[in-house]
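We did not get these values from a lab; they are worked out from the coordinates using the rules stated. This structure is a prediction, so every number in the text was calculated from the model and none was measured. Using ideal geometry, Cβ is built from the backbone for each residue, glycine included, and neighbour counts are taken over all protein chains shown.
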Amino acid sequence: MTDLEVDWKELADMVSHKSEKLGQAEDRRTLLQMIYDANSRLDEIEKQLSSNERGNNLRNVKELIQKKNAVDQEISMLEQRVTDISERGQQMMHQGHYDAQEISRQVDALIDRFNALQEPLDNRRCVLDDSLKWHQLAFDADVELQWINEKRLVAESRSLRQSLTEVSS
């Protein structure tokens, strides 16, 4: 009966080991799917940040700034996801996952890619801020020139008005 018990214990150990490996494989699949989703989102964000559109008027620039602000919010949400992925990857590596090296490589690549967003984000912010300042200046100058033209017409008028209301209109 001891041979049967030994064989049973070996079988139970093998089943336990196989179960552990299947659990690790499922964890790996889930983590890699999360990384894939985050990379897809990064593709979209990078595309939006690489836009050279500066806007052709004040309203258009303000709309572009609103879009950039929405991207900022998306980046904040993505930052939390990247942090969660990193923590999950670290946990899997500490648990002795069979594919720890590949998981570490994938997580590190995602983190590096996410961190690389800062420069394009800053560049886009500067471009839009400069464009906003330019279009605001152009708008203000146009308003001033219109006011000057209105007053110039009154000043150049040869007609003499008889009352204060006639003169002010």
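Taking 7 Å along the Cα-to-C-beta vector as the label spot, tell me the Asn39-Glu102 distance in nanometres, rounded to one decimal.
1.2 nm
Considering the options Asn123, Gln91, Ala109, tell which one lies farthest towards the positive end of the dipole of the stretch 2-139, charges being +1 on Lys and Arg and -1 on Asp and Glu at the Cβ, about the Cα centre.
Among Asn123, Gln91, Ala109, the one farthest towards the positive end of the dipole of the stretch 2-139 is Asn123.
From the list (i) 0.95; (ii) 1.49; (iii) 1.02, can you say which value of Rg/Rh (Cα atoms, Kirkwood Rh) was derived from the structure given?
It is the value labelled (ii).
With θ set to phi - 60°, apply the Karplus curve 6.51 cos²θ - 1.76 cosθ + 1.60 along the stretch 71-86 and write out the HN-Hα couplings as whole Hz, x wherever there is a Gly or Pro.
5, 4, 5, 4, 5, 4, 5, 5, 4, 5, 5, 5, 4, 4, 4, 4
Figure the gain on full extension for Leu4 and Arg29 (residue separation times 0.36 nm, minus the Cα-Cα span) and round it to one decimal in nm.
Extra length from Leu4 to Arg29 when fully extended: 5.3 nm.
To the nearest 10 degrees, how steeply does helix 100-115 sit against the main Cα axis of the chain, on a 0 to 90 scale?
Tilt of helix 100-115: around 10 degrees.
Quick one: how many lysine pairs in the stretch 2-139 have C-alpha atoms under 28 angstrom apart, if they're 8 or more apart or on different chains?
So the count works out to 9.
What full-extension length gain, to one decimal in nm, is calculated for Met14 and Lys133 as 0.36 nm per residue of separation minus the Cα-Cα distance?
Full extension of this stretch gives 35.9 nm more.
Any chance you could check the Cα centroid distance between the stretch 67-137 and the stretch 143-158 for me, in angstrom?
Each part's Cα centre sits 54 Å from the other's.
How far is it, in nm, from the label point at Glu156 to the one at Arg81 when both lie 7 Å from their Cα along the line to the Cβ?
That separation, rounded to one decimal, is 6.1 nm.
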